[in-house]
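Below: the structure, in structure tokens.
The values are calculated or read from the model by the stated rules, or taken from the named source; none is laboratory data. None of the values given here were measured: they were computed from a predicted structure. A quick note on method: Cβ atoms are made from the backbone with ideal geometry, for glycine too, and the neighbour counts reach across all protein chains shown.
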């Protein structure tokens with residue numbers, strides 16, 4: 001039985017196939033950050049910009065995850081802990097900037113939000129499918145899966161927000177979705193930090 005299916009051993013990412021898939025996902029996330037951040041500014045969409053930041057964060061953390069594969073358990077759990085904290089800070093930033101938009105609310109371009117949201121969703125579904133068989137593992141591997149899952153959920157939310165902005169002709173759906181995404185970041189950060197902390201204590 002392969003290690004990532006062994007319930008008595010936590011998969012640590014030591015697999016040539018996993019590394020190849022992770023490289024592809026890193027490239028996809030980096031490309032979509034550039035596309036979505038530009039579109040977010042053009043459309044004046046907080047939800048798109050929040051999702052673009054998620055793409056950037058994922059590309060960086062996936063790269064770190066790749067770098068520490070095969071390192072000591074304490075190193076991997078420390079990196080996962082740092083990733084969880086950075087994800088929490090990102091969630092706090094998105095939430096704060098969303099509150100700012102509540103008071104300076106403009107109407108986003110629903111057509112740009114929707115089209116870019118569909119492109120981002122396709123990218124993230126591809127990433128999720130690539131990583132699906134490796135969704136269980138140590139905190140380092142688990143954080144990669146959670147970030148990919150968050151992206152796909154966030155893209156669906158952006159598309160829904162675009163439809164709601166178009167239907168209501170207000171910017172509130174965009175703000176609400178950005179706030180929900182911030183909550184998702186914070187929830188995932190809590191899961192990653194909790195697992196990483198448990199692994200650090202177990203190793204000690």
* Is the range 18-30 home to any residue that is in contact with a helix residue (DSSP H, G or I) (Cβ under 8 Å, 6 or more places away or on another chain), on the phi < 0 side of the Ramachandran plot and at pLDDT below 80? -> no
* Could you tell me whether residue 60 is surrounded by 17 or more Cβ atoms within 10 Å (Cβ to Cβ), touching a helix residue (DSSP H, G or I) at 6+ places or on another chain (Cβ under 9 Å) and over 16 Å from residue 115 (Cα atoms)? => no
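Is it the case, given these coordinates, that residue 197 is more than 20 Å from residue 93 (Cα to Cα), part of a helix (DSSP H, G or I) and under 18 Å from the mean Cα position of the chain (by Cα)?
no
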* Evaluate the following for residue 118: is it surrounded by fewer than 24 Cβ atoms within 10 Å (Cβ to Cβ), closer than 18 Å to residue 66 by Cβ and modelled with pLDDT of 80 or more? => no
